[in-house]
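Working notes, beginning with the structure itself.
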Amino acid sequence: PISIKDYSELGEIVKCADLKIGILKNALKLPVKVVISYCQDSTIESSGDVIVTSKGEYISNITANKSIQFIQDRSVARGGCLKALNEIKCKTVGSVAGVTTKLELAGSGDIWADIAYHNTIFKIGPKEIALDVPCKNVHAYITDGNIVLDKLML
């Protein structure tokens, strides 16, 4: 620090660090599975799967390079955005009050929810559809370039 003559020298250091960070982010990553029981107001990113084993997530952003799965029958995804590459399997999505929850797949794949309340948004690739009524046994997938939403009224 004593050899720094002007603050503009720090700009070059920041540029070099940003370049190195960009290179490392795009480097080959090992798929790592993240297992959590509960998160609230959090951002979670995984190079593999994200497994939620207990209560669920509240107003969080979860990103997985493979799939997102909620294991426990009473798990909830309430608010926030869940993004995965292949598949999302949820138990309860949203709430009776209609909190907005977004389930998103980057490419084609399947989104499953045992119960999904209104204002739940299903996005697969560039297409998206929102629920306007509570439903159960929801399955969203792409067919002929359109989102198909199989569901039963709750």
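At an R0 of 41 angstrom, the distance between the Cβ atoms of residue 3 and residue 25 translates into a FRET efficiency of 0.85.
Between 129, 48, 27, the Cα set farthest toward the positive side of the dipole of the stretch 1-141 (charges on each charged residue's Cβ, about the Cα centre) is that of 48.
Take the solvent-accessible surface of the protein heavy atoms, probe 1.4 Å, and return the percent of it on the chain that carbon and sulfur atoms account for. Result for the chain: 55 percent of the exposed heavy-atom area is carbon or sulfur.
Altogether, the Stokes-Einstein calculation at 25 °C and 0.890 mPa s, with the Kirkwood radius of the chain over Cα pairs as Rh, returns a diffusion coefficient of 145 µm²/s.
Computed from the alpha carbon atoms alone, the convex hull of the stretch 78-140 holds 61 Å³ per residue. Residues whose amide H falls under 5 Å from that of residue 42, counting only those 5 or more places apart or on a different chain, are 60, 61, with hydrogens built in the peptide plane. Taking amide H positions as modeled 1.01 Å from N, with prolines and chain starts lacking one, the residues under 5 Å from residue 37 and 5 or more places away or on another chain are 53. If the segment from residue 129 to residue 47 were pulled out straight at 0.36 nm per residue, it would be longer than the present Cα-Cα gap by 26.9 nm. Taking 102, 83, 20, 5 and ordering them by how much accessible surface each has at a 1.4 Å probe, largest first, produces 5, 20, 83, 102. Averaged over its residues, the stretch 62-154 has an accessible area of 48 Å² per residue, based on protein heavy atoms and a 1.4 Å probe. Accessible area per residue (1.4 Å probe, heavy atoms of protein chains only) ranks 44, 62, 23, 115 as 23, 115, 44, 62, with the largest value leading.
The values are calculated or read from the model by the stated rules, or taken from the named source; none is laboratory data. Model, not experiment: these values are computed from the prediction. Positions of Cβ are generated from backbone atoms using ideal geometry, with glycine treated the same way; all protein chains shown enter the neighbour counts. Calculation scope for accessible area: heavy atoms of the full protein, side chains included, ligands and nucleic acids excluded. Shrake-Rupley method; radii C 1.70, N 1.55, O 1.52, S 1.80 Å.
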